[in-house]
Amino acid sequence: QISLLIGFISVNNSPWTDYSAYSFFQIVTMCDLVMILFFYIMHIFRVYRKLTCVSWPLAEFLHYLIGTILLLIGSIVAAAKSYNITGLVAGATFGFLATILCVISMWSSYKVSCITQSTSKYH
């Protein structure tokens, strides 16, 4: 979440040369930040226990999957259009770092929720 925020701030405070590329990057980072905050709030207040009609592990996995793909696309476009402006390069770099961290989080979320449940059925 911090790397997304740093990437957003770096891009926001730099002079832009291609508005569509960096607007997409900013929208993707802000949507990811809002969704991550949403899932944290759901876990903190244990809302997932009251809303049993939603498969929360699947929802979290799909959030990370879609967010990671969009973040990777946004980071590639931002890196391609950076024109060696340091703030834009830093934003793209933190976007790639956030992409890697989202993949790790997606894998750990999948491993904890799905693999643990499948092994507990047989014991």
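Relative to the current alpha-carbon distance between LYS111 and SER23, full extension at 0.36 nm per residue lengthens the span by 28.3 nm. Once the Cα atoms are used to define both axes, helix 86-110 deviates from the longest principal axis of the chain by about 10 degrees.
For the chain, the longest principal axis of the alpha carbon atoms and the long axis of helix 56-80 meet at an angle near 10°. Restriction of the trypsin sites (Lys or Arg not before Pro) in the range 17-51 to DSSP coil positions whose beta-carbon has at most 12 other beta-carbons within 10 angstrom yields ARG46, LYS50. For the chain, the longest principal axis of the Cα atoms and the long axis of helix 2-12 meet at an angle of about 30 degrees.
Only Lys, Arg, Asp and Glu carry charge here, each on its Cβ (+1 for the first two, -1 for the last two); on that basis the chain has a dipole of about 480 debye about its Cα centre.
Start at zero, step by 10 Å, and the Cα-Cα distances of the chain spread as 14, 39, 26, 15, 6, 1 percent across the bins. Taking all protein chains as shown and a probe of 1.4 angstrom, LEU71 keeps an accessible surface of around 0 Å². Counting every Cα pair in the range 1-48, what percent are over 15 Å apart? Cα-Cα pairs of the range 1-48 separated by over 15 Å account for 51 percent.
Of the residues LEU72, ALA98, TRP56, the one whose Cα sits farthest toward the positive end of the charge dipole of the chain, with +1 on the Cβ of Lys and Arg and -1 on the Cβ of Asp and Glu, is TRP56.
The values are calculated or read from the model by the stated rules, or taken from the named source; none is laboratory data. These figures come from a predicted structure and were not determined experimentally. Every residue, glycine as well, gets a Cβ built from its backbone with ideal geometry; the counts of neighbours run over all protein chains shown. Surface accessibility is based on the protein's heavy atoms, side chains included, excluding ligands, DNA and RNA. Shrake-Rupley method; radii C 1.70, N 1.55, O 1.52, S 1.80 Å.
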